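K.L.:
Please see the structure below; I have some questions.
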Amino acid sequence: MAELLVEGCNRLKGEVTVQGAKNSALPILAATVATADESVLYNCPRLSDVDSAVKILRYLGCSATFSGHSLVVDTKGLCCDHIPDALMRQMRSSIVFLGAILTRLKTAKLTFPGGCELGARPIDLHLDALSRMGATISEKHGEIVCAAPKGLVGANIALAFPSVGATENIIIAATRAKGTTVITNAAREPEIEDLCAYLNSCGASIRGAGEGTVVIDGTDKLHGTAHTIIPDRIVAATLMSAAAVTGSDITLRGVISSHLSAVIPVFEEAGCDIRIKDGDLTINAPGRLRAFSTVRTTPYPGFPTDAQAPLMAVATLAQGTTVFVENIFENRYKHASELVRLGAKVRTEGKVAVVEGVRELYSSSLQGSDLRGCACLAVASLAAQGKTTIDTTGYLERGYENFDVVLRNLGANIKMI
Ligand code: EPZ
């Protein structure tokens, strides 16, 4: 069991380089399967979710070797069209391998993906799109069997919701389809842009990445490349939250500030001074935070759902009342009841959470339930009087590389045991 021990109320100071983006590395690892070649990924974060993707690649017959933060992947040897349930259940983005396997082997057998339990998290948008591209899909006993014996064909796909994973799955599948695929209402997250940058450098022809309409002209061959993964904007937001709750001044190195355009104003409204210079972001937090306007999570470029939990930790200590509206996932407030154990005043009802700021938080023993919820509890405990223990049950390592070491290097009294 992974337990985080935190002795709160230390001020933080210093600087830290933000890790590579988990939600960029994962779809790119799936996309390597479509290239049937060797790629080198730089700035790849060392996370348990990345390890799960590497295990899937190796199970499929590919090779993947880490050297520091560089990962060399060779998918020439792909020889297996199915991913076992145990590997599928380890993370949500296992489903994004579906399109990639189909483009190579014309068949694919998967089960339903795992990942943080934030609600139903269906995959209907993924499967509907691939069937529009010519795949026959059947589901029985929890197994999804896909076949496209003549290969996939380009199609016009109008997504009912700008799903990140579905957009990624379709883009990867479309790179090797016959003809052109046009996705409307596509997800616009920076991680989609990074995936498309990787695929275009592999010889794909993708236009409109990061916009609502993405056009992919299929090609019959892709090749490997070298690609540097973008920094993780949610890790940046989490570290900013840690500075905010401890009244600290820290500098984050290697940040793409435009990826945080919906997040930075919230910290400024809370009373933090944010300065950006050449990829470095410095945050100076006030002694007492102010409550901020209602935070509504929406698809990018709106406020990211993944930053809702870390910012709720900030709101618990802000003078006044802050309201959150979680519009993306139907069950993403599990951290609220644990924050109350620290003395926070949080009430939730459906999509809405109301946080009434308090002057102090007090240590407790907490239980994490998902990746960003654990990060929220860790951030809040940095500001709690006394020693807090958090049973993270391995969630933090899924998305934060050396979370305790990074914060300890900034002066926090925190240790993962
Ligand atoms: C990605 O998940 C991220 N994960 C999530 O980050 C992130 O919260 C989410 O996008 C939204 O930004 C990875 O990239 C690995 P979605 P994904 O498909 O692709 C519904 C983290 O903490 N939906 O955009 O699963 C779904 O139920 C994780 O790093 C369907 O209804 O998100 C949800 O309500 C958590 N049918 C909404 O869309 C589908 O076929 C958003 O899901 C697909 C999705």
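K.L.:
Please count how many residues of region 314-345 are within 15 Å of the ligand (Cβ to nearest atom) and either open to solvent by 10 Å² or more (accessible area, probe 1.4 Å) or in contact (Cβ under 8 Å) with a residue 40 or more places away in the chain (or both).
P.N.:
Just the residues of region 314-345 that are within 15 Å of the ligand (Cβ to nearest atom), to begin with: 324-335.
Add one more test, that the residue is either open to solvent by 10 Å² or more (accessible area, probe 1.4 Å) or in contact (Cβ under 8 Å) with a residue 40 or more places away in the chain (or both), and what stays is 325, 327-335.
So the count comes out to 10.
K.L.:
Being within 16 Å of the ligand (Cβ to nearest atom) and out of contact with any helix residue (DSSP H, G or I) (no Cβ under 8 Å at 6 or more places or on another chain) is the filter; apply it to region 346-392 and report the residue that is nearest to Arg408 (Cα to Cα). Full working, then the answer.
P.N.:
Restricting attention to region 346-392, the residues satisfying the condition of being within 16 Å of the ligand (Cβ to nearest atom) are 350-351, 368-379, 392.
Filter again for out of contact with any helix residue (DSSP H, G or I) (no Cβ under 8 Å at 6 or more places or on another chain), leaving 350-351.
On the way: Gly350: 36, Lys351: 34 Å.
This residue is Lys351.
K.L.:
Residue check: is Leu289 touching a residue at least 12 places away in the same chain (Cβ under 8 Å), within 16 Å of the ligand (Cβ to nearest atom) and buried (at least 23 other Cβ atoms within 10 Å of the Cβ)? It would help to see each step written out before you state the result.
P.N.:
On the way: touching a residue at least 12 places away in the same chain (Cβ under 8 Å): yes; within 16 Å of the ligand (Cβ to nearest atom): no; buried (at least 23 other Cβ atoms within 10 Å of the Cβ): yes.
No, not satisfied.
K.L.:
Which count do you get for residues in region 379-411 that are more than 21 Å from Asp232 (Cα to Cα) and either among the basic types (Lys, Arg) or not in a helix (DSSP H, G or I) (or both)?
P.N.:
First, pick out the residues of region 379-411 that are more than 21 Å from Asp232 (Cα to Cα): 381-391, 393, 411.
Now restrict to residues that are either among the basic types (Lys, Arg) or not in a helix (DSSP H, G or I) (or both): 382-391, 393, 411.
Of the residues in that region, 12 qualify.
K.L.:
Taking the residues in region 142-165 that are assigned to a loop (DSSP other than H, G, I, E, B), within 14 Å of the ligand (Cβ to nearest atom) and not aromatic (Phe, Trp, Tyr) as candidates, determine which candidate is surrounded by the fewest Cβ atoms within 10 Å (Cβ to Cβ). Even if it seems obvious, please write down each step before you answer.
P.N.:
Filtering region 142-165 down to residues assigned to a loop (DSSP other than H, G, I, E, B) leaves 142, 148-152, 154-155, 159-163.
Now narrow it down to the ones that are within 14 Å of the ligand (Cβ to nearest atom): 159-163.
Those still in the list that are not aromatic (Phe, Trp, Tyr) too: 159-160, 162-163.
Details: Leu159: 18, Ala160: 10, Pro162: 20, Ser163: 23.
Only one residue fits best here, namely Ala160.
K.L.:
Pairs needed: first member in region 112-124, at positive phi; second member anywhere, more than 6 Å from the ligand (Cβ to nearest atom) and open to solvent by less than 80 Å² (accessible area, probe 1.4 Å); C-beta distance under 7 Å; at least 6 residues apart or different chains.
P.N.:
Sorted first by the residue in region 112-124, then by its partner, the pairs are Gly115/Met91; Gly119/Asn331; Arg121/Gly115.
K.L.:
Among the listed residues Ala64, Ala34, Ala25, identify the single one that is within 16 Å of the ligand (Cβ to nearest atom) and open to solvent by less than 10 Å² (accessible area, probe 1.4 Å). I'd like the intermediate steps shown before the answer.
P.N.:
Numbers: Ala64 fails: within 16 Å of the ligand (Cβ to nearest atom); Ala34 fails: within 16 Å of the ligand (Cβ to nearest atom).
Just one listed residue meets the conditions, Ala25.
K.L.:
How many of the residues making up region 247-270 are closer than 14 Å to Val16 by Cβ and of a type in the set (Val, Ile, Thr)?
P.N.:
3
K.L.:
Which fully enclosed strands (runs of 3 or more DSSP E) of region 296-378 have 3 or more residues being closer than 26 Å to Ile283 by Cα and modelled with pLDDT of 95 or more?
P.N.:
Values: elements: 321-325, 345-349, 352-356, 365-367.
The qualifying strands (runs of 3 or more DSSP E) are 321-325, 352-356.
K.L.:
So Leu222 ticks every box in (1) open to solvent by less than 10 Å² (accessible area, probe 1.4 Å); (2) out of contact with any Cys (no Cβ under 8 Å at 6 or more places or on another chain) but one. Which box is left unticked?
P.N.:
All conditions pass for Leu222, except number (2).
K.L.:
Could you list all residues from region 346-364 that are crowded, with 23+ Cβ neighbours inside 10 Å and of a type in the set (Asp, Glu)? Step through it out loud before you land on a result.
P.N.:
Keep residues of region 346-364 that are crowded, with 23+ Cβ neighbours inside 10 Å, which gives 353, 355, 361.
None; the set is empty.
K.L.:
Give me the strands (runs of 3 or more DSSP E) completely within region 197-262, filtered to those with at least 3 residues that are in contact (Cβ under 8 Å) with a residue 24 or more places away in the chain, ordered by residue number.
P.N.:
On the way: elements: 205-207, 213-217, 226-228, 249-253.
Where strands (runs of 3 or more DSSP E) fall fully within region 197-262 and carry at least 3 residues being in contact (Cβ under 8 Å) with a residue 24 or more places away in the chain, they are 213-217, 226-228, 249-253.
K.L.:
Restricting to region 393-415, give me the number of residues that are open to solvent by 10 Å² or more (accessible area, probe 1.4 Å), away from the ligand (no atom under 16 Å from the Cβ) and either modelled with pLDDT under 95 or β-branched (Val, Ile, Thr) (or both).
P.N.:
Of the residues in region 393-415, 2 are open to solvent by 10 Å² or more (accessible area, probe 1.4 Å), away from the ligand (no atom under 16 Å from the Cβ) and either modelled with pLDDT under 95 or β-branched (Val, Ile, Thr) (or both).
K.L.:
Collect the residues in region 109-131 that are more than 13 Å from the ligand (Cβ to nearest atom) and either open to solvent by 20 Å² or more (accessible area, probe 1.4 Å) or closer than 23 Å to Gly399 by Cα (or both), keeping them in residue-number order. Write out each step before concluding.
P.N.:
Residues of region 109-131 that are more than 13 Å from the ligand (Cβ to nearest atom), as a first pass: 109-111.
Across region 109-131, the qualifying residues are Lys109, Thr111.
K.L.:
Select from region 166-196 the residues that are among the acidic types (Asp, Glu) and either over 19 Å from Ile328 (Cβ atoms) or part of a helix (DSSP H, G or I) (or both) and list them in ascending order.
P.N.:
As a first pass, look at region 166-196 and keep what is among the acidic types (Asp, Glu): 168, 189, 191, 193-194.
Passing the criteria: Glu168, Glu191, Glu193, Asp194.
K.L.:
Now a separate question. Could you please give the count of residues in region 292-313 that are within 16 Å of the ligand (Cβ to nearest atom), without any contact (Cβ under 8 Å) to a residue 60 or more places away in the chain and small (Gly, Ala, Ser)?
P.N.:
1
K.L.:
Just to be sure before I move on: is Ile172 modelled with pLDDT of 95 or more, more than 9 Å from the ligand (Cβ to nearest atom) and buried (at least 19 other Cβ atoms within 10 Å of the Cβ) in the structure I sent? Please lay out each step first, then the result.
P.N.:
Details: modelled with pLDDT of 95 or more: yes; more than 9 Å from the ligand (Cβ to nearest atom): yes; buried (at least 19 other Cβ atoms within 10 Å of the Cβ): yes.
Yes: the conditions hold for Ile172.
K.L.:
Mind counting the residues in region 184-217 that are of a type in the set (A, V, I, L, M, F, W, C) and within 13 Å of the ligand (Cβ to nearest atom)?
P.N.:
Restricting attention to region 184-217, the residues satisfying the condition of being of a type in the set (A, V, I, L, M, F, W, C) are 186-187, 192, 195-197, 199, 202, 204, 206, 209, 214-216.
In the following step, the residues that additionally are within 13 Å of the ligand (Cβ to nearest atom) were identified as 186-187, 192, 195.
Counting residues in region 184-217 that are of a type in the set (A, V, I, L, M, F, W, C) and within 13 Å of the ligand (Cβ to nearest atom) gives 4.
K.L.:
Report the residue count in region 93-108 for those that are out of contact with any strand residue (DSSP E or B) (no Cβ under 6 Å at 6 or more places or on another chain) and surrounded by 21 or more Cβ atoms within 10 Å (Cβ to Cβ). Explain how you work it out, then say what you get.
P.N.:
Step one: list which residues in region 93-108 are out of contact with any strand residue (DSSP E or B) (no Cβ under 6 Å at 6 or more places or on another chain), which gives 93-97, 99-100, 103-106.
Within this subset, residues satisfying the condition of being surrounded by 21 or more Cβ atoms within 10 Å (Cβ to Cβ) are 93-97, 99-100, 103.
Total satisfying the criteria: 8.
K.L.:
Of the conditions (1) open to solvent by less than 30 Å² (accessible area, probe 1.4 Å); (2) under 19 Å from Ile95 (Cβ atoms); (3) of a type in the set (Val, Ile, Thr); (4) within 16 Å of the ligand (Cβ to nearest atom), Thr181 satisfies every one except a single condition; which number is it?
P.N.:
Condition not satisfied by Thr181: (4).
The values are calculated or read from the model by the stated rules, or taken from the named source; none is laboratory data. What you see is a predicted model, and the numbers here were worked out from it, not measured in a lab. Don't worry about glycine lacking a Cβ; one is built from the backbone with ideal geometry, like all the others, and counts go over all protein chains shown. Ligands, DNA and RNA are excluded from the accessible area calculation, which covers all protein heavy atoms including side chains. Shrake-Rupley method; radii C 1.70, N 1.55, O 1.52, S 1.80 Å.
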